[in-house]
Amino acid sequence: MRILVVDDELSNRRTLEVLLKRANHQATSACNGIEALERLQQHKFDLVITDLRMPQMDGMTLLENIKQQYPNTQVIMATAFGSIDTAVEAMRMGAWDFVTKPIKKNELLQRIRKAAEQDQLQQENRQLKSEIAKMRPNWIGQSLSMERITEEAKSVADTNASVFLVGESGTGKSLLAKWIHKTSLRNAGRFIVLNCGAIPENLMESELFGHEKGSFTGANQTKVGRLEQADGGTLFLDEVTEMAPQLQVKLLRVLQDGEFERVGGTQTLRTNMRVIAASNRNVEQAVEEGRLRADLYYRLNVVQLKMPPLRERLDDIPLLVEHFLQVQANKNNRAHKPISDAAMQSLQQWDWPGNVRELENTIERAIVLSKGEAIDLVDLPSHLQGPAPSQQIMHFPIGTSLQEIERHFILATLASVDGDKNRAATLLGITVRTLYRKEAEWREAGWIQ
Ligand SMILES: Nc1ncnc2c1ncn2[C@@H]1O[C@H](COP(=O)(O)OP(=O)(O)OP(=O)(O)O)[C@@H](O)[C@H]1O
Ligand SMILES: [Mg+2]
C-alpha cells in the first residue's frame, strides 16, 4: 500500500516510516494537514495515517478534506490515549479506523492489513458495479411500466434485500429474478431455483435442507440441499405460496439467522444467500387465509416488484413480437420472416391472459406453420384471426384527436359488419344519414377512397 504519514513530530514520522517500509509498504510523510494535502495532490495514496493535533491544519480538518476530495483514500486517525470521543467522531466522519498513541506496532500493522483487504474488496466492488451498470436487461419493454420495473430492479440489485416478485403467470417474473441475480454483487455465486409448487411435499424438506445418509428410507446418500447450494448466491423461491406451512416455519428460521440442519443431521450449517420469491397468486389473500405465514411474508417482501400484465402495456407488443420472431426462427431453424400489419394489429387487440409466455408461444406456432413470405392472420390461432365484433377492442394512444378516434372507430365498426351501414349505425347509435355524411367528409379530405 502507498501510505502517507502525517505528524508534526519528526521522530514519530521517522519511526512510522521505518516500520511501514519494513512491512513492504511505500511510505511518505508530511508534517501537517496542509503539506499532506499537497502530497495527496501529487500522488494517489491508498491510506493516510494522521495525528490529530498538529499546527496549521489538524487531523479532523484533514480527514474532512480527504473524504471530500479523495473518497477512496482511507484514513487511520492516531489519537491520544483516552480521547475516545474524538476517535468516535473521526469514525463518524469517515475515518476507516483509529489507533491510540503511543502507537503499538503490531496493532497498527494489523489495522493496515484490514484496510488493505477492504480496499481490495472495494475496488472489486467498484469494478463490478461499473460493469453491472453497463449491462442491458435481458427483457424487452419500453413501456413506462417496464421502465419503472427496470429502474427498481437496478436499484435493488446490489443490495441484499429480499425481493418479492408478483404478477400474473407469464409476465416475466422468472426472467427478472435471474436478472437481479446477474446484476448483483453475488453474481459469482449460483442462482438456485426452487419451485415450491412443483415438488411433492414429502420431498420438499430434503430438497431445501438436504439430508444425511440413512436419515430416512431411500436416503442412500448424503444430499446437499438448495440452501447450501445457494450459499454466496441467490435462492429463487418460485410459487412460494404453495410451500407447506411447517416448512415455512423452518425456512423463516434460516432467513432470520442463516442457520439450519440437514434432515437427520445434527451439525448446524450456515448459509449466506439472497432470497427472491415469486408468486402469480393473490399473495395478500394467501396470507389472510393462512396459506402463507405472515411473518415469512414480511421477511420475503422487503421489496416488492409488480410485473404488469401484457394487456396493460400493449405498446410493447411490436418490440416483443420482433424479438420473438428472431429468437423463435433461430430456435426452430426457420428463416426470419416479417409480420403483416393485419396480423400485428390483431396481436395488439388481444388481451393476453397468458401474458408474454402466450405471445411467445403464438409467435413460435406462427413461425412453424407459416408458408408465406410473411407471418399473416392465417398463421395465428383462430381466436386471433377475427374476433366477434363485440369482443374486438381498439386502442388509441393518448394524444389522438377525437376526430381521428371517431373515424377509426366508425370504419372499424363498418368493417366488422362487412360494410352493412344499417347495422353499423345501430351499433354506433347514430343515424344512417350521419354515417353517409361522415363518409363523404372523409372522402373529400382524402382519408378514404
Ligand atoms: N419482457 C420480456 N421480454 C422478453 N421475454 C419475456 C419478457 N417477459 C417474459 N418473457 C418470456 O416469457 C416467458 C415467460 O416468462 P417467465 O417464465 O419469466 O414468467 P413468470 O412470470 O415467471 O410466469 P409464471 O408465474 O408462470 O412462472 C419466458 O420465456 C420469458 O423469457
Ligand atoms: Mg416463473
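The figures follow:
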{"item": "Segment Ile448-Leu369, length gained on full extension (0.36 nm per residue, minus Cα span)", "result": "25.0 nm"}
{"item": "Förster-model FRET efficiency, 22 Å R0, Asn195 and Thr159, C-beta, rounded to 0.05", "result": "0.35"}
{"item": "Selected from Gln41, Gln229, Gln74 as most flexible by GNM, with the chain as the system and alpha-carbon contacts under 10 Å", "result": "Gln41"}
{"item": "The range 4-85 - percent relative contact order, Cα under 8 Å, separation 6 or more", "result": "30"}
{"item": "Gain in span if fully extended, Arg334 to Ala116, counting 0.36 nm per residue against the direct Cα distance", "result": "72.9 nm"}
{"item": "Overall form of the range 90-141 per C-alpha gyration tensor (a/c, 1.5; a/b vs b/c)", "result": "prolate"}
{"item": "q = 0.18 Å⁻¹, the range 144-306: log10 I(q)/I(0) [Debye, one scatterer per Cα]", "result": "-1.12"}
{"item": "Summed residue charge, Cβ within 15 Å of Ile363's Cβ, Lys/Arg positive, Asp/Glu negative", "result": "-2"}
{"item": "Three-way shape label, the range 172-219, alpha-carbon gyration tensor, a/c 1.5", "result": "oblate"}
{"item": "Unit charges on C-beta of K, R, D, E only; dipole of the chain, Debye", "result": "1000"}
{"item": "Low-density loop positions, trypsin sites (Lys or Arg not before Pro), the range 245-330 - DSSP coil, at most 16 other Cβ in 10 Å", "result": "Arg291"}
{"item": "Cut-off under 5 Å, modelled amide H: who pairs with Arg274 long-range", "result": "Gly233, Thr234, Leu235"}
{"item": "Eligible aspartates and glutamates near Lys173 by straight Cα distance, threshold 14 Å, same-chain separation 8 or greater", "result": "Glu152, Asp238, Glu239"}
{"item": "For Leu185, Leu325, order by how many other beta-carbon atoms lie within 10 Å, fewest first", "result": "Leu185, Leu325"}
{"item": "Amide H partners (placed H, <5 Å) of Val6, local residues excluded", "result": "Ala30, Ile49, Thr50, Asp51"}
{"item": "Sequence of Trp447, Trp350, Trp442, Trp96 once ranked by neighbouring C-beta atoms within 10 Å, starting from the fewest", "result": "Trp447, Trp442, Trp96, Trp350"}
{"item": "Sorted by Cβ neighbour density within 10 Å, fewest at the top, the residues Phe324, Phe409", "result": "Phe409, Phe324"}
{"item": "3J(HN,Hα) from dihedral phi, the range 188-201, Karplus parametrisation 6.51/-1.76/1.60, rounded to Hz, x for glycine, proline", "result": "7, x, 9, 9, 10, 9, 10, 8, 5, x, 9, 9, x, 3"}
{"item": "Mean residue ellipticity (222 nm) of the chain, computed from DSSP H runs ≥ 4 via -39,500 (n - 2.57), nearest 500", "result": "-14500 deg cm²/dmol"}
{"item": "Inter-probe distance in nm under a simple model that places probes 7 Å from Cα toward Cβ, at Thr15 and Met135", "result": "5.0"}
{"item": "Per-residue HN-Hα couplings for the range 241-256 [Karplus 6.51, -1.76, 1.60; θ = phi - 60°; Hz; x = Gly/Pro]", "result": "5, 8, 6, 4, x, 5, 6, 4, 4, 5, 5, 4, 4, 4, 5, 6"}
{"item": "Phi-based couplings in Hz for the range 432-442 (Karplus 6.51, -1.76, 1.60; Gly and Pro marked x)", "result": "4, 5, 4, 4, 4, 4, 4, 4, 5, 4, 5"}
{"item": "Under-5 Å amide H pairs with Thr222, H placed in peptide plane, nonlocal only", "result": "Lys213"}
{"item": "Gained length - Asp418 relative to Glu261, 0.36 nm times residue gap less alpha-carbon distance", "result": "49.5 nm"}
{"item": "Under 17 Å from the Cα of Lys421 - lysines, other chains or at least 8 residues apart", "result": "Lys438"}
{"item": "Convex hull per residue volume in Å³, alpha carbons only, for the chain", "result": "276"}
{"item": "Shape of the range 2-128, Cα gyration tensor, a/c cut at 1.5", "result": "rounded"}
{"item": "In nm, spacing of pseudo-spin labels at Val302 and Ala244 (7 Å Cα→C-beta vector)", "result": "2.8"}
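Bear in mind that the values in this text are calculations on the coordinates, not laboratory data. What you see is a predicted model, and the numbers here were worked out from it, not measured in a lab. Don't worry about glycine lacking a Cβ; one is built from the backbone with ideal geometry, like all the others, and counts go over all protein chains shown.
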